[in-house]
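The values are calculated or read from the model by the stated rules, or taken from the named source; none is laboratory data. Note that this is a predicted model, so its numbers are computed, not measured. When we count neighbours, we look across all protein chains shown, and the Cβ atoms used for this are built from the backbone with ideal geometry, even at glycine. For accessibility, only protein heavy atoms count, side chains too; no ligands or nucleic acids. Shrake-Rupley method; radii C 1.70, N 1.55, O 1.52, S 1.80 Å.
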Amino acid sequence: MPAPDRPARPDRPDVPAAGPPALRRFDGLADYLQTRDAMREFTRTRGTDTPDELWLLQHPPVFTLGLAGRDEHLMDPGDIPVIRTERGGQVTFHGPGQVIAYPLIDLRRLGIGVKELVFRIEQSIIQAMAEFGLDGRRVAGAPGVYVPLPGGEGRFAGVAKIAALGIKISNGCSYHGLSLNVAMDLEPFERIDPCGYPGLRTVDFAQLGVAADPQVVADRLALRLQAHLSPPARPPGGLG
């Protein structure tokens with residue numbers, strides 16, 4: 001079913017009927033708590049005609065635990081801050097050299113649910129990685145993107161994780177998002193069970209032999225996310 005027309009606002013006649021999420025880039029390292037609070041406020045105050053946004057940034061070192069986060073998966077945080085938050089999922093690590101993308105999307109306007117949102121985000125990551133010669137793939141029942149890597153065990157035998165997802169939906173709109181490891185210090189992942197899975201290996205572009213600027217990767221990823229998260233254009237006359 002096509003997405004319904006958005007009601008007009010007389011003070012915002014320039015708001016487009018449809019289009020890709022607007023990019024917002026953060027310089028330097030964005031404080032996690034300040035960014036989380038800004039996402040919350042954006043989502044709390046947005047209206048039915050508020051354009052979607054896509055935030056691109058990097059965080060200083062921080063462990064975050066989602067709603068399902070359990071302390072036993074955080075073994076040795078050391079001097080790295082630990083923050084509990086409202087996103088889905090377990091524990092992960094953010095740090096310099098990792099691309100963070102936060103899609104702030106009105107799912108009702110896009111006409112999809114959270115499962116389809118996760119699929120489209122994963123597909124965007126896989127397609128962006130392919131531009132750098134990397135084979136991204138899914139693992140059933142374990143959201144995120146993985147790459148082939150000899151070794152491992154159980155359901156993660158032969159793969160390692162390169163991108164993590166954690167989404168929050170409030171009033172039909174998404175915030176939080178994804179992290180993609182490009183050129184970072186991976187040691188902190190050894191202090192946790194990544195995403196709550198003991199023994200899950202974590203890699204980045206650099207460890208896989210791909211030298212890439214995180215900003216360039218972010219740009220490629222943003223194009224894919226914008227393509228997959230754009231509402232369908234309305235037919236002439238504003239019907240549908």
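Work out, step by step, the length gained on full extension between Thr45 and Asp76: first 0.36 nm times the residue separation, then minus their alpha carbon distance; give nm to one decimal.
Working: separation 31, 0.36 × 31 = 11.16 nm, distance 3.76 nm.
Using 0.36 nm per residue and subtracting the Cα-Cα distance, I get 7.4 nm.
Give me the distance in nm between label points sitting 7 Å out from Cα along the Cα-to-Cβ direction at Asp31 and Ile83, one decimal.
With each label point 7 Å from Cα toward Cβ, the separation is 0.9 nm.
Using amide H atoms built 1.01 Å from N in the peptide plane, name the residues 5+ places from Gly89, or on other chains, whose amide H lies under 5 Å from its own.
Answer set, sorted by chain and number: Leu67, Ala68.
Under a point-charge model restricted to the Cβ atoms of Lys and Arg (+1) and Asp and Glu (-1), what is the dipole moment magnitude of the chain relative to its Cα centre, in debye to the nearest 20?
900 debye
Using θ = phi - 60° and the Karplus relation 6.51 cos²θ - 1.76 cosθ + 1.60, list the HN-Hα couplings for segment 198-204 in order, rounded to whole Hz, with x at every Gly or Pro.
Per residue, the Karplus-derived 3J(HN,Hα) values read x, x, 5, 8, 10, 10, 9 Hz.
With every protein chain kept in place and ligands, DNA and RNA left out, what is the accessible area per residue of segment 116-240? Probe 1.4 Å, answer in Å².
On the way: 5270 Å² over 125 residues.
With the other protein chains kept in place, segment 116-240 gives 42 Å² per residue.
Calculate the translational D of segment 12-92 in whole µm² s⁻¹ from Stokes-Einstein, where the hydrodynamic radius comes from the Kirkwood formula applied to all Cα pairs, the temperature is 25 °C and the viscosity 0.890 mPa s.
In µm²/s, the coefficient is 164.
What's the carbon and sulfur percent of the chain's accessible surface, probe 1.4 angstrom, rounded to a whole number?
55 percent
Relative to the present Cα-Cα distance, how much length would full extension add between Ala227 and Ala68 at 0.36 nm per residue of separation? Write out the running numbers ahead of the final one.
Values: separation 159, 0.36 × 159 = 57.24 nm, distance 3.06 nm.
My answer for the length gained is 54.2 nm.
Of Pro60, Val91, Gly78, which is farthest towards the positive pole of segment 28-92's charge dipole, taken about the Cα centre with +1 and -1 on the beta-carbons of Lys, Arg and Asp, Glu respectively?
Val91
Which label marks the calculated value of Cα Rg over 2.2 N^0.38 Å, given the options (i) 1.03; (ii) 1.11; (iii) 1.16?
Correct label, based on the coordinates given: (i).
I need the phi-derived Karplus couplings for segment 21-28: 6.51 cos²θ - 1.76 cosθ + 1.60, θ = phi - 60°, integer Hz, Gly and Pro marked x.
x, 6, 7, 10, 9, 10, 7, x
Sorted by average packing, counted as other Cβ atoms within 10 angstrom per residue and highest first, what order do 187-200, 168-181 take? Working shown, then result.
On the way: 187-200: 17.9, 168-181: 20.9.
Going from most to least packed, we get 168-181, 187-200.
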